[in-house]
Amino acid sequence: MERAIYSGRVERLLAGLAERGLRGAVIVGSSNVLYFTGTDAASAVVVGEGGGCVLLASRLEYTRALDEARVGVVYAYSELEAPTASYEEVIRADFYGALKRVIEELGLKPGEVGVTVAQLSHQAYCRLRDVLGCEPADVSSLVSGMRAVKSREELSLIRRAIEVVEASMEKVLDALEKGVREYELAALAAGEIRARGAAPAFEPIVAFGEHAAHPHAKPGSRELREGDVVKVDLGARVCGYCSDITRTAALGEPPQRLRSALRAVVKAQEEAINALAESVAARDVDARAREVLRSEGLLEYFNHGLGHGIGLEVHEAPSLSPRSRDILRAGMVTTVEPGVYIRGLGGVRVEDDVLVTEDGARVLSKLEKLLF
C-alpha cells in the first residue's frame, strides 16, 4: 500500500491519543506494528506529537525493517557491537533501554504515553512501566477500533484472500475419495493456497466423521469412509490480510441428523447476516443465530461465538458473541459461522466473510453452502 496510507494511520492515531490527553504511544504486537508501518519486522513503533515515528528492530530484523517500513525512521537495538556497514542507526542497549532513549528523544514525559497493553505479557508490562516511570495508559481499544474498519485498499486484499481460499476449497472438495486421510487433504489445501501466491492464515482444518464434532479439530490419519461428513476450514493471507471460510461436505449419504443440522446452520447464518448492519450490537446478531438453532432443538450443540473480525489477524474486532460489547460499524469485516457439533457423530459448520455496510451486509465469499 502507498506510504500516504500509513502516514494517515499514524496521524489518526495521534489525533485519538490527543483526545485521551496523551502525546505519544508505544505500539507493540506484530500486527499492530504492521498496520502502522508496513512491516512486522520491528519490535515496536513509537509515535510522538508532531509526527515523530521511530521503529525499533533487533539486529536480526533491522535490515528487513529498513527495507519494508513505509513511515518513520528505523533504529536497531543491540547490546553487542553491530557491523557499521549494515546498520545506519544503532542503539547499544536492550529493547527497553532503546525504548527509553527513543521516548526521551521524542520529548515524551511520564503520563503522556499510551501503550497497546493487550499485547504485553505481565513481565513486559512491568518492564515497560519502569521505562515510563508510571502505569501505562492502555490504548489497545483505540488501535483495535482503527483496525476494525477496513479501507478500500484493505478490502481489496481481503477479497483476494477470499478468492484464494475459494479456489483452494474447490480443489480439496474435488479430492474427496474413500481412503484419503485428513492430513493429506490438509496438505493439499496448504499447497493450493501457496500455489496462488498466498500463505495459509492458519493450519488448515480438515475433519472426517466423528472428528468433525471438534470445532478446531487437528487433521490426523483418519481415513475418509462412505457416509462421512467432511468439515474443511481454510484461511489465506495476502499481503498480511486474511480470509476465513468453512464448508461441510460429505462422501456419499451422511447421517440424516447431520443433514438436518446443516440446513439449520445455513438458516441460522442467513438470519444472522440479515441482522448485520451499522450501529447494531454484535451480541444481537449472535442472538439471532441462536434463536434459529434453539427453534430447531440444536442450540445445545453450538459451543462458540457466532463470528469474529478478520484483517491482519484471523481473529480481531469485532466479536460476535453473547458477551460482546462491540457495536458494528460500516467497513468492518466479520465471519459468520454457526455450527452444530454432536460428539461421537460429527459436526457441521458454514462460515463466510461478511462486510458490514451502512444499510446492511454484503457477503464477500460465494461458495455453495448446501453440499449435501
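Structure values in brief
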{"read-out": "Boolean, Val265 is of a type in the set (A, V, I, L, M) and under 24 Å from Met169 (Cβ atoms)", "value": "yes"}
{"read-out": "Failed item in (1) in contact (Cβ under 8 Å) with a residue 60 or more places away in the chain; (2) part of a helix (DSSP H, G or I), with Ser260 passing the rest", "value": "(1)"}
{"read-out": "Test for Arg152: is it among the charged types (D, E, K, R) and in contact (Cβ under 8 Å) with a residue 40 or more places away in the chain", "value": "no"}
{"read-out": "Top-ranked residue in the range 133-153 [being in contact with a strand residue (DSSP E or B) (Cβ under 6 Å, 6 or more places away or on another chain) and assigned to a helix (DSSP H, G or I); ranked as nearest to Val33 (Cα to Cα)]", "value": "Ser144"}
{"read-out": "Filtered residues of the range 300-316 (kept if of a type in the set (A, V, I, L, M, F, W, C) and in contact with an Asp or Glu (Cβ under 6 Å, 6 or more places away or on another chain))", "value": "Leu306, Ile310, Val314"}
{"read-out": "Total residues in the range 224-241, condition out of contact with any strand residue (DSSP E or B) (no Cβ under 7 Å at 6 or more places or on another chain), under 16 Å from Glu154 (Cβ atoms) and not aliphatic (A, V, I, L, M)", "value": "3"}
{"read-out": "Members of the range 197-214 found to be surrounded by 21 or more Cβ atoms within 10 Å (Cβ to Cβ) and either out of contact with any strand residue (DSSP E or B) (no Cβ under 7 Å at 6 or more places or on another chain) or not β-branched (Val, Ile, Thr) (or both), listed by number", "value": "Ala198, Pro200, Ala201, Pro204, Ala207, Phe208, Gly209, His211, Ala212, Ala213"}
{"read-out": "Selection status of Leu345, out of contact with any Pro (no Cβ under 9 Å at 6 or more places or on another chain) and modelled with pLDDT of 95 or more", "value": "no"}
{"read-out": "Among the candidates Ile158, Ile205, residue that is over 18 Å from Val340 (Cα atoms), touching an Asp or Glu at 6+ places or on another chain (Cβ under 9 Å) and of a type in the set (Val, Ile, Thr)", "value": "Ile158"}
{"read-out": "Test: residue in the range 117-131 that is within 20 Å of Val10 (Cα to Cα), touching a helix residue (DSSP H, G or I) at 6+ places or on another chain (Cβ under 6 Å) and not charged (D, E, K, R)", "value": "yes"}
{"read-out": "Matching residues in the range 166-186 - criterion: being free of Cβ contacts under 8 Å to residues at least 12 places away in the same chain and either within 20 Å of the chain's Cα centre (by Cα) or exposed (fewer than 15 other Cβ atoms within 10 Å of the Cβ) (or both)", "value": "Asp174"}
{"read-out": "Listing of strands (runs of 3 or more DSSP E) fully contained in the range 12-105 that carry 1 or more residues being surrounded by fewer than 16 Cβ atoms within 10 Å (Cβ to Cβ) and without any contact (Cβ under 8 Å) to a residue 24 or more places away in the chain", "value": "73-77"}
{"read-out": "Any hit, the range 9-19, residues being among the aliphatic types (A, V, I, L, M) and over 25 Å from Glu135 (Cβ atoms)", "value": "no"}
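The values are calculated or read from the model by the stated rules, or taken from the named source; none is laboratory data. Only a predicted model underlies this, so the values are computations on that prediction, with no experimental measurement involved. Positions of Cβ are backbone-derived with ideal geometry, glycine not excepted, and every protein chain shown enters the neighbour counts.
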